Structure formats: C-alpha cells, structure tokens
Amino acid sequence: MEEIDLKELFNIFWSKKLFIILITIFFAILGLFYTKYMVKPVYKSTATLVLTKSDNAEGITQTEITLNQQLVATYTELMKTNSILRPVIENLGYEDMTEEGLKQNIEVKLVSSTQLIEISVKNADPKRAKELTNEITNVFIAKAKDIYKLDNIHIVDEAKESETPYNINHKKDVLMFTVVGFILSAGVVFIRSLFDTTIKSAEEVEKRLGLTVLASIPQYDYEMKKKGKK
C-alpha cells in the first residue's frame with residue numbers, strides 16, 4: 001500500500017472537512033441526547049465510620065489497634081450480609097426492596113492506611129439512598145457490638161441527601177461522544193483515501209507513474225456551454 005506524506009494527508013482531511021465537521025456535530029448532539037434523556041439518574045450517599053478504643057477502656061493500646069486492623073476487613077463484609085440488610089429494609093418499611101437488590105447497590109471500602117470505613121448506597125431516590133446508608137450503619141454497629149462485645153465503632157460522618165446524581169456528567173458525556181465522532185469520521189476519510197487509486201492531478205501522474213506531463217486538457221462541459229448559448 002502506497003505511503004502518504006503528512007502534507008498529502010492534511011490535504012485529504014482538509015478536502016473532507018465538511019464531512020468531518022458534520023459527523024462530529026452529529027455525535028455531539030447524540031451525546032447530549034444520551035446524557036439528558038437516556039441515562040437514568042442514580043444518587044449516592046456516603047457515611048464514614050471509624051474504629052477506635054472501646055468505651056470501657058482507659059486508653060487505646062497497641063493490641064487494640066492490631067485487633068481493629070484485623071476486624072476492618074471482617075466488618076466490611078459483615079455490612080453486606082442478610083443479617084444486617086434484612087432488619088434495615090424492615091425498619092424502613094421498604095417492601096419493594098430485597099436483600100440481594102440492596103446488596104448490589106452497597107459499596108464498602110477502607111480508607112487507605114487508616115481505620116476509617118466508608119459505606120455508600122446507590123439509589124434512584126436520593127432520600128432512600130441517605131436513609132438506607134444511615135440505617136445500615138446503625139444496624140451494623142449494634143450487630144457488631146452484639147457479636148464482638150466491643151464498643152469500638154463510631155460514626156464520623158452521617159450520610160447526607162445528595163442533590164446531584166453521581167452517574168451523570170453532561171460535559172464529560174458530550175465531550176466523549178464528540179471525540180468519538182471526530183475519530184470515526186477522520187478514520188473513514190483516511191481509510192477511503194488509502195483505497196482510492198484514481199488519479200486526480202498531473203502531480204499524481206508524475207508521482208505514481210514516473211512520467212512527465214507535457215500538457216493537460218481542461219474539462220469541458222458541453223451541456224452547460226450549450227445552455228449558455230441558448
């Protein structure tokens with residue numbers, strides 16, 4: 001396949017600039033429609049817990065720090081068990097919700113190099129997301145205390161009702177669609193140029209065939225000339 005120099009490549013893209021611009025604009029409009037009307041908004045609320053010394057202890061010891069570090073991983077999994085989620089749903093009276101459905105919308109993670117635990121709940125209703133997050137933390141703290149006989153879990157930040165959906169970013173979506181449209185249109189132009197073997201100018205004759213062009217005959221539109229005479 002014949003190589004194309006940068007100048008020739010630029011000329012190819014420039015000659016098809018209208019096509020590239022129209023396709024890019026089309027994809028930008030498509031991205032705007034997608035982000036505004038096709039993406040279902042989902043809200044997320046987050047609460048933060050911390051593992052500290054037990055309430056009946058005078059001061060935190062190295063042994064208790066080590067115990068807390070070992071318990072953190074266990075706590076993160078305990079929050080997503082049915083023994084926690086079932087009472088949460090019952091306490092809030094969400095009869096249309098199941099433990100499995102709630103579990104899929106829970107995210108529990110450790111804050112790196114700390115004893116902080118962040119728990120987030122996603123829901124289409126921002127109020128539900130907040131209520132579920134706070135109720136999970138309350139039920140979890142009571143359950144952990146009952147199991148381990150420790151009062152070492154405290155709420156740092158309660159969940160708040162989110163005003164904006166976490167899964168929608170209009171600017172990002174439109175920009176992404178615009179870039180895809182530009183790349184796609186430019187790619188189509190480039191591929192078509194690679195497989196286009198027609199000769200369009202005297203320069204191409206000299207370049208491809210190695211022949212010297214002595215003269216050229218301009219294109220004559222007989223029908224247009226005939227109409228002009230009439």
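Bear in mind that the values in this text are calculations on the coordinates, not laboratory data. Keep in mind that this is a model prediction, so the values were computed, not measured. As a convention, Cβ positions derive from the backbone with ideal geometry for all residues, glycine included, and neighbour counts pool all protein chains shown.
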Q. All other residues with a Cβ under 11 Å from the Cβ of Lys80 taken together, and with Lys, Arg as +1 and Asp, Glu as -1, what is their net charge?
A. -3
Q: Per residue of segment 117-129, in order, report the coupling 6.51 cos²θ - 1.76 cosθ + 1.60 (Karplus, θ = phi - 60°) as ³J(HN,Hα) in whole Hz, putting x for Gly and Pro.
A: 10, 10, 10, 10, 10, 9, 7, 5, 9, x, 5, 5, 4
Q. For Lys127 and Glu8 in the same chain, what is the full-extension length gain: residue separation times 0.36 nm, less their Cα-Cα distance, in nm?
A. 36.9 nm
Q | Of Lys109/Lys171; Lys103/Lys127; Lys80/Lys127; Lys103/Lys149; Lys109/Lys130; Lys80/Lys130, pairs whose Cα-Cα distance is over 22 Å | A | Lys109/Lys171; Lys103/Lys149
**Q.** Projected label distance in nm at Lys40 and Glu99, using a 7 Å step from Cα toward the beta-carbon
**A.** 2.4 nm
Q: Mind listing the long-range amide H neighbours of Thr46? Cut-off is under 5 Å, sequence gap 5 or more, other chains count too, H placed in the peptide plane at 1.01 Å from N.
A: Lys160
Q.
Using each residue's phi in segment 78-86, evaluate 6.51 cos²θ - 1.76 cosθ + 1.60 at θ = phi - 60° and report the 3J(HN,Hα) Karplus result to the nearest Hz, with x for Gly and Pro.
A. 4, 4, 9, 8, 5, 5, 9, 6, 4
Q: Report, please, the projected area of segment 73-180 averaged over directions, based on the convex hull of its C-alpha atoms, in nm².
A: 8.9 nm²
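What is the calculated FRET efficiency for Ile29 to Thr164, with r their C-beta to C-beta distance and R₀ = 25 Å, to the nearest 0.05?
Efficiency, rounded to the nearest 0.05: 0.60.
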(Q) Just to confirm the filter: which GluC sites (Glu not before Pro) across segment 109-174 are DSSP coil and have at most 14 other Cβ within 10 angstrom of their Cβ? (A) Glu158, Glu161, Glu163
(Q) Could you compute the net charge surrounding Tyr166? Neighbours are other residues with a C-beta less than 9 Å from the C-beta of Tyr166; K and R count +1, D and E count -1. (A) +2
Q: Restrict the search to segment 67-111; then list the trypsin sites (Lys or Arg not before Pro) that DSSP places in a loop and that have at most 15 other Cβ atoms within 10 Å of their Cβ.
A: none
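Assuming 0.36 nm per residue, please report the length gained on full extension of the stretch Val50 to Asp157 beyond their Cα-Cα distance.
37.6 nm
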